[in-house]
1. For Ala137, state whether it is out of contact with any strand residue (DSSP E or B) (no Cβ under 9 Å at 6 or more places or on another chain), free of Cβ contacts under 8 Å to residues at least 40 places away in the same chain and aliphatic (A, V, I, L, M).
2. If you take the residues of the stretch 145-159 that are assigned to a loop (DSSP other than H, G, I, E, B) and modelled with pLDDT under 80, which of them is least open to solvent (accessible area, probe 1.4 Å)?
3. Taking the stretch 57-68 on its own, how many of its residues are touching a residue at least 60 places away in the same chain (Cβ under 8 Å) and either open to solvent by less than 10 Å² (accessible area, probe 1.4 Å) or part of a helix (DSSP H, G or I) (or both)?
4. Given the criterion modelled with pLDDT under 95 and either over 14 Å from the mean Cα position of the chain (by Cα) or within 23 Å of Asp303 (Cβ to Cβ) (or both), identify the matching residue among Asp40, Asp47, Asp36.
5. State all residues of the stretch 1-56 that are of a type in the set (Val, Ile, Thr) and part of a loop (DSSP other than H, G, I, E, B); if no residue qualifies, say none.
6. I'm told Tyr315 meets every condition in (1) part of a loop (DSSP other than H, G, I, E, B); (2) more than 22 Å from the chain's Cα centre (by Cα) except one. Can you identify the failing condition by its number?
7. Is it the case that Glu318 is without any contact (Cβ under 8 Å) to a residue 24 or more places away in the chain and surrounded by 13 or more Cβ atoms within 10 Å (Cβ to Cβ)?
8. So, of the residues in the stretch 1-41 that are of a type in the set (Lys, Arg) and farther than 18 Å from Asp339 by Cα, which turns out to be least open to solvent (accessible area, probe 1.4 Å)?
Amino acid sequence: MRMLTLDNGQARRIFLDRHALSDPPVGEAKGMALHDLIHDLGFVQLDSINTVARAHDLILFSRRQRYRPKALRNLYERDKALFEHWTHDAAVIPMAFYPFWELRRQRDAERLRARWREGRREGFEKRVQKVLDQIAAEGPLSSSDVGKDEARGSGGWWDWHPSKTALEYLWRSGALCVVGRDGFKKRYDLTDRVIDRQLREPQALPDTAAIIDWCCDQALARLGFATHGEIAAFWDHVTPAEARDWCAEGMAAGTLEQVGITDTDGSVRLAYARPGLVEDPAIGKPPTGRLRVLSPFDPALRDRTRAERLFGFNYRIEVFVPEANRTFGYYVFPLLEGDRIVGRVDMKAFRNDDVLRVRALWPEGKTRWGSGRQRAFEAELDKLCRLAGVSRVAFEDGWLRPSAQNYL
């Protein structure tokens, strides 16, 4: 039987459809409508950088432009419809998924205990019970409320005081939950007071095999097609070896098939998919031509290697690169139009001056930045201003640069 091979355009359409980037960014953006969007994405990564908007807010705004940050806070803090934990980074996740984080909690408990004993967190295990007792007595607390008798360092992860380390350990291993944030500082409470009993009691928790099956199945559902490594990396709970075994079992059972995915350079790589991918409705549905700004942490672009193969988009975030050594900028936003990344833009909201300043824009590849595309870009920035908390846009001198490929 001949193996199905998707051309690059077909692969992009399926991938963008699964990441809720095919349709125009319209519709309800609060309550259950917002919850359902997060459910379809799987999770939304949290990030503190706020040059224009925080990553989680821009991820949701780029798909529903009626979105406002209060809607996510309400879902998370008021309605308890989401919980916060780790995927490849901190994220908000639909509450119904909580039982399937049990393997992650177990593995984090072992991994972090061993790692943090060897780091600069001396004595954190001695503080665990004290922290639990304090939260039990006083209610939700942040890191500034515990360990007041302990020396404070810089506050970076490498220099937490022992009680802060205990808080993070207890959260990652399951005894505590994050119930909200003050600014970006987490507030922790006892899991028993936050998570419904039916989601956390031992009989409600799936075993390891069931969790691996759920993680792999739900990752593939949200990717459309993927290698076993991409499946493992989606939630970052299972190992590549576990995902490889799951794929092999699916192939043997006929619930998976291998497909060829054509990359932008014309090469074909193998991936796994559910049977019938060739009949997927997304293949015959061109994505909206609406130009939109994406977060550097958008789930469609988080895997930089896959983004380069699928979209020809070579991107590395330069937050931690010294300014003199940056190729583009501190925090540069990709621009999506249809099924193509057409540019990257360095911009920042200066809220005291009530302005969003565009410092530089680099078109991608052979993209022509004509008047029509410029009008579409300006219209998108006008909408983005509402999220950024400013009222106008300003373009700095020399903002339009040569193609990004000239710098790579």
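The values are calculated or read from the model by the stated rules, or taken from the named source; none is laboratory data. Just so you know, these numbers come straight off a predicted model, no measurement behind them. For neighbour counting, all protein chains shown are included, and Cβ atoms are generated from backbone atoms with ideal geometry for every residue, glycine included. Only protein heavy atoms, including side chains, enter the accessible area calculation; ligands, DNA and RNA are left aside. Shrake-Rupley method; radii C 1.70, N 1.55, O 1.52, S 1.80 Å.
1. Details: out of contact with any strand residue (DSSP E or B) (no Cβ under 9 Å at 6 or more places or on another chain): yes; free of Cβ contacts under 8 Å to residues at least 40 places away in the same chain: yes; aliphatic (A, V, I, L, M): yes.
Taking the combined requirement at face value, the residue satisfies it.
2. Restricting attention to the stretch 145-159, the residues satisfying the condition of being assigned to a loop (DSSP other than H, G, I, E, B) are 146-156.
From what's left, modelled with pLDDT under 80: 151-156.
On the way: Ala151: 88, Arg152: 115, Gly153: 43, Ser154: 82, Gly155: 55, Gly156: 13 Å².
The selected residue is Gly156.
3. First pass over the stretch 57-68, keeping only residues touching a residue at least 60 places away in the same chain (Cβ under 8 Å): 57-59, 61-62, 65, 67-68.
If we keep only those that are either open to solvent by less than 10 Å² (accessible area, probe 1.4 Å) or part of a helix (DSSP H, G or I) (or both) as well, we get 57-59, 61-62, 67.
So the answer is 6.
4. Values: Asp40 fails: modelled with pLDDT under 95; Asp36 fails: modelled with pLDDT under 95.
After applying the criteria, what remains is Asp47.
5. First pass over the stretch 1-56, keeping only residues of a type in the set (Val, Ile, Thr): 5, 14, 26, 38, 44, 49, 51-52.
Matches in the stretch 1-56: Val26, Ile49, Thr51, Val52.
6. For Tyr315, the exception is condition (2).
7. Working: without any contact (Cβ under 8 Å) to a residue 24 or more places away in the chain: yes; surrounded by 13 or more Cβ atoms within 10 Å (Cβ to Cβ): yes.
Yes.
8. First, the residues of the stretch 1-41 that are of a type in the set (Lys, Arg): 2, 12-13, 18, 30.
From what's left, farther than 18 Å from Asp339 by Cα: 2, 30.
Working: Arg2: 220, Lys30: 130 Å².
The selected residue is Lys30.
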